[in-house]
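**Q** Pasting a structure here, questions to come.
Every number here is computed from the coordinates shown, using simple stated rules; none is lab data. None of the values given here were measured: they were computed from a predicted structure. Every residue, glycine among them, receives a Cβ derived from its backbone with ideal geometry; neighbour counts consider all protein chains shown.
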Amino acid sequence: MTSKRISVVLICTVQISVFIALAAGCKNDGGHELASEGDETGSIETPAVGVVRSIGVEEFAQTLEQNPGKIVDVRTPEEFSGGHLQGAMNFNVNADDFMALCEAGLDKSQPVYVYCKSGGRSATAANMLKEAGFSNIINMEGGITAWKDAGRPVNQ
């Protein structure tokens, strides 16, 4: 073989070796296994360390009954005083101390059920909790508005 052919073969071998090493070591999210996306539970793709499930009112109520945890209303105190789910704590997601309250008042290994008025703020809060290391966050789609529309009770 000529030296030019040997160089080409070596370069190709190195490139293939690097590709195989990278492919073997790659995972979907920087080394984190991912939860399934869009499955029947409404899971959002997240690292397996923390999972956010966004589910409707009926499934939210059933899941809460079967697997109790802390309920967090992430609306303002004024909204909370106008009606909230029984047993809910009020941690305003827009307050500066939101994460400090969550860290102090919630167990990262236990289910945390979040809701707001219509689902937007609770989705934000759920992702913040996931990023902080909470492992099981359940977000109620449609918020307390959907809860009331389903004829579910609220505390004043």
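**Q** Using only alpha carbon positions, build the gyration tensor of the stretch 69-156, then give the equivalent ellipsoid semi-axes as the square roots of 5 times its eigenvalues, largest first, whole angstrom.
**A** Details: eigenvalues 79, 35, 27 Å².
Semi-axis lengths for the stretch 69-156 are 20, 13, 12 Å.
**Q** Further question: Quick check for you: which residues of the stretch 98-118 have the amide N under 18 Å from the point 7 Å beyond the Cα of residue 154 toward its beta carbon?
**A** The answer is 114-118.
**Q** Taking Cα centroids, how far is the stretch 65-80 from the stretch 132-150 in Å?
**A** 8
**Q** Rounded, prolate or oblate: which fits the stretch 57-108 when a ≥ b ≥ c are the square roots of the eigenvalues of the alpha-carbon gyration tensor, with rounded for a/c under 1.5 and prolate only if a/b beats b/c?
**A** On the way: a/c = 2.63, a/b = 1.34, b/c = 1.96.
Oblate, since a/c reaches 1.5 and b/c is not below a/b.
**Q** Another question about this same structure. Just order 103-109, 134-140 by mean Cβ neighbour count inside 10 Å, highest at the front, would you?
**A** Details: 103-109: 12.7, 134-140: 23.6.
Descending mean neighbour count gives 134-140, 103-109.
**Q** Another one. Using the Cβ atoms and a cut-off under 15 Å, what net charge is assigned to the surroundings of residue 86, where Lys and Arg are +1 and Asp and Glu are -1? Mind dumping the intermediate values first?
**A** Working: positive: 70, 148, 152; negative: 65, 73.
Cβ neighbours under 15 Å give a net charge of +1.
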